[in-house]
Amino acid sequence: MGIDSSLDEKWMKIALEQARFAQAKNEVPVGAILVKDDQLIASAHNQPISNNDPTAHAEIQLLRSAGKKLNNYRLPNTTLYVTLEPCTMCLGAMIHARVSRVVFGAYDKKTGVCGSCQDLVTSKCFNHQLQAQGGILESECSSLISQFFKNRRKGN
């Protein structure tokens, strides 16, 4: 799987659409999509608040949907695009699913584990290694989340 930044931007724009769906539902605006062989397999957005489920992050929802669609809990040779750097739970799920590559937009200095808080991507304690690429459409992704929390603090 070669890395093409223009393709990464194309797919991240679709992940941003999913983040906007989350925002419209008063969820933290994080969106994710899964791509295999240049085909969109599944898309999802954050739903922990509406589902009363702390595990309903965009990436988890996406992996559940893709697994059902492909009739397999393993998702090799796929790229997962997400608007925010994954947390420990989500990266762990990607590793278990055998996702090949994760591409994220905004860095998360509080909970991101692909280099911001921790770098679990390069950890040797996992039986599967994936590639990670951050900062794709970073300003758009960061702005969406920042504005969401700014509005929340104002009571909007």
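The values are calculated or read from the model by the stated rules, or taken from the named source; none is laboratory data. The model shown is predicted, which means the values in this text are computed figures rather than measured ones. Positions of Cβ are backbone-derived with ideal geometry, glycine not excepted, and every protein chain shown enters the neighbour counts. Please note that ligands, DNA and RNA were not included when accessible areas were found on the heavy atoms of the full protein model with its side chains. Shrake-Rupley method; radii C 1.70, N 1.55, O 1.52, S 1.80 Å.
Structural remarks
- Residue within region 74-90 that is over 28 Å from CYS125 (Cβ atoms) and either assigned to a helix (DSSP H, G or I) or at pLDDT 95 or above (or both) present: no
- In region 91-107, the residues that are in a loop (DSSP other than H, G, I, E, B) and under 16 Å from LEU16 (Cβ atoms): TYR107
- Enumeration of residues in region 91-112 that are among the polar types (S, T, N, Q) and at pLDDT below 95: THR111
- Going through (1) in a strand (DSSP E or B); (2) farther than 22 Å from ARG98 by Cα; (3) among the β-branched types (Val, Ile, Thr) one by one, ILE41 falls short only on (2).
- Looking only at residues of region 51-60 that are without any contact (Cβ under 8 Å) to a residue 40 or more places away in the chain and under 10 Å from the mean Cα position of the chain (by Cα), we find that the one that is nearest to VAL103 (Cα to Cα) is GLU59.
- Test: residue in region 68-88 that is without any contact (Cβ under 8 Å) to a residue 24 or more places away in the chain and either open to solvent by less than 50 Å² (accessible area, probe 1.4 Å) or of a type outside the set (S, T, N, Q) (or both): yes
- Filter result for the condition that a residue is within 24 Å of LYS25 (Cα to Cα), of a type in the set (S, T, N, Q) and modelled with pLDDT of 95 or more, over GLN147, GLN47: GLN47
- Filtered residues of region 2-27 (kept if free of Cβ contacts under 8 Å to residues at least 40 places away in the same chain and assigned to a helix (DSSP H, G or I)): SER6, LEU7, LYS10, GLU17, PHE21, ALA22, ALA24
- Region 120-134, subset within 16 Å of the chain's Cα centre (by Cα) and surrounded by fewer than 17 Cβ atoms within 10 Å (Cβ to Cβ), residue farthest from ARG74 (Cα to Cα): GLN133
- Being closer than 25 Å to SER143 by Cα, surrounded by 15 or more Cβ atoms within 10 Å (Cβ to Cβ) and basic (Lys, Arg) holds for only one residue in ARG64, ARG101, and it is ARG101.
- Only a single criterion out of (1) open to solvent by 20 Å² or more (accessible area, probe 1.4 Å); (2) of a type in the set (Lys, Arg); (3) farther than 26 Å from LYS150 by Cβ is not satisfied by LYS110, namely (3).
- Leading residue by the ranking (most open to solvent (accessible area, probe 1.4 Å)) among those in region 1-34 that are β-branched (Val, Ile, Thr) and farther than 21 Å from CYS87 by Cβ: ILE3
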